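The values are calculated or read from the model by the stated rules, or taken from the named source; none is laboratory data. All values reported here derive from a predicted model rather than from experimental measurement. Cβ atoms come from the backbone with ideal geometry, glycine included; neighbour counts cover every protein chain shown.
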């Protein structure tokens, strides 16, 4: 399948559409997955909500501005770890978390997980700009002693108008929980489709490429990918390394070249 043509310059901001507009198509070796029922660590069962469900507002109190993107969804740490409490960022979009816990996590990925509580896009044109320019990578800081690389998958897509999202949505919810339970998935993030072009972007960050590839053969993932096959007019999958060099605090993005330094 041909890659998406992303050359047009889009000036209007995104608005919120149903989140299943970004579920990846079938036959992708390590496509991004989505989350089951989630809460922030501070939320009680009384306030539990699914982050994929469209937010609603009273008729007399419309939102003051368009919803340009949704918060990152962070996988819960293994049960033996203290779950970090998310401080609300300046834009009010505190990260969400899964119900399932990761089975394990290495120390470098634990540090990244903490930094990713502040992960966000830096432009409303994230579906069109280069991956390295779409997010606040430059604001993420880790301890200087860490040297590591993580595997990132970026998915640009345009949903087919009129496609049935119900069964796909349910299958995808299960696939994300499956990925978290089996390990490696640190973060999942998705934007909102452009109102004119329907272009969107989703991304996930894994502890390693091996974890991402292992998710492909699991049953819920396979079912979700099969249902997604006919849902897109165009799609484009790109892979990257997120690298941290010893002696520096920041991280950098590099195109995946088939090699690994870890």
Sort out which residues of the stretch 92-118 are surrounded by 19 or more Cβ atoms within 10 Å (Cβ to Cβ), in a loop (DSSP other than H, G, I, E, B) and modelled with pLDDT of 95 or more, and write them in order of number. 102, 105
Considering only helices (runs of 4 or more DSSP H) wholly within the stretch 146-238, the ones with at least 3 residues that are free of Cβ contacts under 8 Å to residues at least 60 places away in the same chain and surrounded by fewer than 18 Cβ atoms within 10 Å (Cβ to Cβ) are none
May I ask you to list the residues in the stretch 168-193 that are in contact with a helix residue (DSSP H, G or I) (Cβ under 7 Å, 6 or more places away or on another chain) and closer than 15 Å to residue 225 by Cα? 168, 169, 171, 172, 174, 175, 178, 179
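Residues checked against (1) under 26 Å from residue 182 (Cα atoms); (2) touching a strand residue (DSSP E or B) at 6+ places or on another chain (Cβ under 8 Å):
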site	(1), (2)
209	yes, yes
213	yes, no
220	yes, no
230	no, no
246	no, no
253	yes, yes
Within the stretch 75-91, of all residues that are in contact with a helix residue (DSSP H, G or I) (Cβ under 8 Å, 6 or more places away or on another chain) and modelled with pLDDT of 95 or more, the one surrounded by the most Cβ atoms within 10 Å (Cβ to Cβ) is 75
Somewhere in the stretch 114-121, is a residue free of Cβ contacts under 8 Å to residues at least 40 places away in the same chain and in contact with a helix residue (DSSP H, G or I) (Cβ under 8 Å, 6 or more places away or on another chain)? yes
In this structure, is residue 242 at pLDDT 95 or above and closer than 23 Å to residue 179 by Cα? yes
